[in-house]
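Working notes, structure below.
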Amino acid sequence: MKLVPKLVLAAATFTLGFATVDPKSVSAAIINYAFTVDSPVTKGNGFFSFDNSIFSHEENPVATINSLSFQFDGGSTVYTEKDDTKYPEFPLVFPTTFLTGQTSLGLDYLFNDKSNPSSSISYEIIGDDFTIFSRTSPNAKPISGKVSYTQIPEPTPLIGTLLACSLGWMMKRKVASMKRVKI
């Protein structure tokens with residue numbers, strides 16, 4: 001009869017653990033995204049976060065970025081939200097539907113090449129488009145690339161699941177050791 005309360009505890013732990021895995025987003029939360037830039041000339045990876053409760057209530061809602069970090073592959077220069085040419089009003093994040101039909105968020109981020117300050121090269125990310133262009137040479141042909149986004153899961157559901165599984169594993173070990181003692 002001592003086993004019944006332990007089974008109830010284990011079932012309650014699993015229930016609570018799986019309740020935290022609910023995929024519905026919270027109404028006001030910091031949302032984290034990773035993004036990848038791919039062009040014929042360069043590639044790079046970055047992360048950004050924003051508070052989804054501050055989306056403007058316009059026809060095309062936007063929100064300012066809380067933090068952003070971007071680095072070209074093989075480069076040591078890290079670009080942040082403060083490198084946007086129109087900081088602090090930019091960079092922005094906005095909901096968008098890509099040509100593939102996938103609904104996601106897009107980034108609006110314009111920054112200059114700070115690894116070579118004398119360069120007139122600028123980089124622009126708008127949605128899934130990445131462009132490299134010259135600010136001073138109007139005849140220079142811009143280089144285009146693509147941007148892809150991936151939402152980074154919040155750690156709370158993962159921690160809840162890990163806790164539930166750990167408690168279940170501990171209960172299983174305890175029940176197994178109790179069976180060995182009774183034999």
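Residues whose amide H falls under 5 Å from that of Phe50, counting only those 5 or more places apart or on a different chain, are Ile31, Asn66, with hydrogens built in the peptide plane.
A crude spin-label estimate for the pair Ile126 and Leu99, with each label 7 Å from Cα along the Cβ direction, gives 1.5 nm.
A simple spin-label model places pseudo-atoms 7 Å from Cα toward Cβ; at Ser137 and Lys114 they are separated by 2.4 nm.
Among the listed pairs Lys43/Lys141; Lys43/Lys86; Lys86/Lys141, those with a Cα-Cα distance over 20 Å are Lys43/Lys86; Lys86/Lys141. In a DSSP loop and with at most 14 other Cβ atoms within 10 Å, the GluC sites (Glu not before Pro) in the range 60-131 are Glu89.
Let me check I've understood the local charge: for Val37, count other residues with C-beta under 12 angstrom from its C-beta, Lys and Arg +1, Asp and Glu -1. What total comes out? Result for the neighbourhood of Val37: -3.
Here, each number is a calculation from the coordinates, and none is a lab measurement. Quick caveat: nothing in here was measured; it's all calculated off a predicted structure. A quick note on method: Cβ atoms are made from the backbone with ideal geometry, for glycine too, and the neighbour counts reach across all protein chains shown.
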